[in-house]
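Take a look at the structure set out below.
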Amino acid sequence: MLHTSLVRSLSAALVAGLLLAGCDTSAPTATAGHAAPAPEVDVLTVHSRAVDLRTELTGRTAAHRIAEVRPQVTGIVLERLFEEGSDVKTGQVLYRIDPVIYKAEVASAEASLAKAQAAERSARLKADRYTELAKRQAVSRQDQDDAHAAWKQAQAEVAAARAALERARIDLAYTEVKAPIDGRIGKSGVTEGALVTAEQAAPLTTIQQLDPLYVDMRQSTSELLRLKRAFADGSLVAGPGESARIHLQLEDGTRYDAPGTLQFSDVTVDESTGMVNLRAEVPNPDLLLLPGMFVRGQLTEGKRPEGMLVPQAGVTRTPNGGASVLVVTADNKVEKRTVELGRAIDGNWLVESGLEDGVRVIVAGIQKVRPGMTVKPMETGTSEHVVQTRNSNPQDS
């Protein structure tokens, strides 16, 4: 009897297990009838177009012209006639040196000239008389030649005296030290009562012309060679007048309003660094820029005729350092593309290879999709539209 009860209990347990299994197999069938909707992703249609390529270089500003003012005569400084840090004009008197000695030298030179002129007049009259007497054979030919030679010598002495007078007048004029150029003058190296000497090593003051201003930068020779090859094979073309333009960014991160112009590239390479010097000229009407300031310059290299830009948000990096993007095909399937990237431009990557014109790149929602999935793409615009929007941002201007 006990055996019969045990058999009945096992049979009941087996039937219950089969019923539960039947319920479990019916559950997936019900779920499969309600498939999850395709996830939404933001896509951007990229197109090839002409892209401006720029290089960022660091440099420092330098004065357009610098004049170190030195005395050209020796003497005591009587007056300083300028205010330190002010703007001066060409010919403006800066210092006045004691002129007493030089006035005396001018007077002495004038007297020497008068004496030489009187001697020349006497020699000329004597030469004329000897010429007439020689015609009547009243004097010898030798006496006539000596008289003419004495007259020529007197003329030379007049010329020498006149030159000495001119030199004395120049020295007298140099007692007024004048500004050689327009510009902003610095601090004075001497005060009234100081003794200065002609052409001394230490300048009295310095004048710098600040408008326009130079910006001196450096570029590697490898970069120059790359640019030359790009122009040679046509992957880079020069825009009309654009390749010489440069835009500055100041030390505080703000952008300088007035663009500059590239003046020249040096023909000598620094052997220790492999760099070439570049110089640009920048207008500075408000004197915002001062010599020696650190700036960053964006130099326009040229245009990429068939450039393609992809937002940086749509690019992922692979463990080996490569780059890839997810694109949406015509049937709304996700596909992974390996791309080769160039430089960063306004929040985008310049694509060198891996994408064709008109492809739709996923820029938002990458984390919730994987290759092969069907998605619902939401168009956000084109790559050209995104770049124009960024460039019109007031914060970027």
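Observations on the structure shown:
- Filtering segment 322-343 for residues that are part of a strand (DSSP E or B) and within 30 Å of T261 (Cβ to Cβ) leaves a non-empty set.
- Residue within segment 103-110 that is assigned by TED's automatic domain parsing to the domain that holds T197, closer than 30 Å to I207 by Cβ and among the acidic types (D, E) present: no
- Where strands (runs of 3 or more DSSP E) sit wholly within segment 237-290, those with at least 2 residues that are modelled with pLDDT under 80 and surrounded by 12 or more Cβ atoms within 10 Å (Cβ to Cβ) occupy 260-270.
- Test: residue in segment 327-338 that is within 18 Å of E379 (Cα to Cα), touching a residue at least 60 places away in the same chain (Cβ under 8 Å) and touching a helix residue (DSSP H, G or I) at 6+ places or on another chain (Cβ under 6 Å): no
- Only residues that are surrounded by 14 or more Cβ atoms within 10 Å (Cβ to Cβ) and in a strand (DSSP E or B) were counted across segment 295-315, and they come to 14.
- Condition check for D346: touching a residue at least 12 places away in the same chain (Cβ under 8 Å) and in contact with a His (Cβ under 9 Å, 6 or more places away or on another chain): no
- Given (1) in contact with a helix residue (DSSP H, G or I) (Cβ under 7 Å, 6 or more places away or on another chain); (2) modelled with pLDDT of 85 or more, index of the condition P377 fails: (1)
- Condition check for E79: in contact (Cβ under 8 Å) with a residue 40 or more places away in the chain, part of a loop (DSSP other than H, G, I, E, B) and among the charged types (D, E, K, R): no
- Candidate set: segment 80-103, residues that are of a type in the set (S, T, Y) and more than 12 Å from D171 (Cα to Cα); chosen: the one surrounded by the most Cβ atoms within 10 Å (Cβ to Cβ): Y95
- Residue in segment 104-112 that is in contact (Cβ under 8 Å) with a residue 60 or more places away in the chain, more than 23 Å from E166 (Cβ to Cβ) and crowded, with 17+ Cβ neighbours inside 10 Å present: no
- Boolean, A150 is farther than 30 Å from L287 by Cα and at pLDDT 95 or above: no
- Put simply, of S122, S108, S112 the only residue that is over 29 Å from V73 (Cα atoms) and either out of contact with any strand residue (DSSP E or B) (no Cβ under 8 Å at 6 or more places or on another chain) or at pLDDT 95 or above (or both) is S122.
- Some residue of segment 290-304 being of a type in the set (K, R), closer than 29 Å to S353 by Cα and free of Cβ contacts under 8 Å to residues at least 60 places away in the same chain: no
- Hey, Q155 more than 19 Å from D87 (Cα to Cα) and not in a helix (DSSP H, G or I) or not: no
- Looking only at segment 317-326, and only at residues there that are surrounded by fewer than 21 Cβ atoms within 10 Å (Cβ to Cβ) and either closer than 18 Å to K368 by Cβ or polar (S, T, N, Q) (or both), the one that is modelled with the highest pLDDT: S324
A quick yes/no check of all residues on (1) more than 30 Å from V106 (Cβ to Cβ); (2) among the small types (G, A, S); (3) surrounded by 15 or more Cβ atoms within 10 Å (Cβ to Cβ); (4) free of Cβ contacts under 8 Å to residues at least 24 places away in the same chain:
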{"position": "K178", "(1), (2), (3), (4)": "no, no, yes, no"}
{"position": "R184", "(1), (2), (3), (4)": "yes, no, yes, no"}
{"position": "A201", "(1), (2), (3), (4)": "no, yes, no, yes"}
{"position": "I207", "(1), (2), (3), (4)": "no, no, yes, no"}
{"position": "V215", "(1), (2), (3), (4)": "yes, no, yes, no"}
{"position": "Q219", "(1), (2), (3), (4)": "yes, no, yes, no"}
{"position": "S222", "(1), (2), (3), (4)": "yes, yes, no, no"}
{"position": "L225", "(1), (2), (3), (4)": "yes, no, no, yes"}
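- With respect to the conditions (1) modelled with pLDDT of 80 or more; (2) under 13 Å from the mean Cα position of the chain (by Cα), G314 lacks only one, and its number is (2).
The values are calculated or read from the model by the stated rules, or taken from the named source; none is laboratory data. Please read these numbers as outputs of a predicted model, since none were measured by experiment. Cβ: placed from backbone, ideal geometry, glycine included. Neighbour counts: every protein chain shown.
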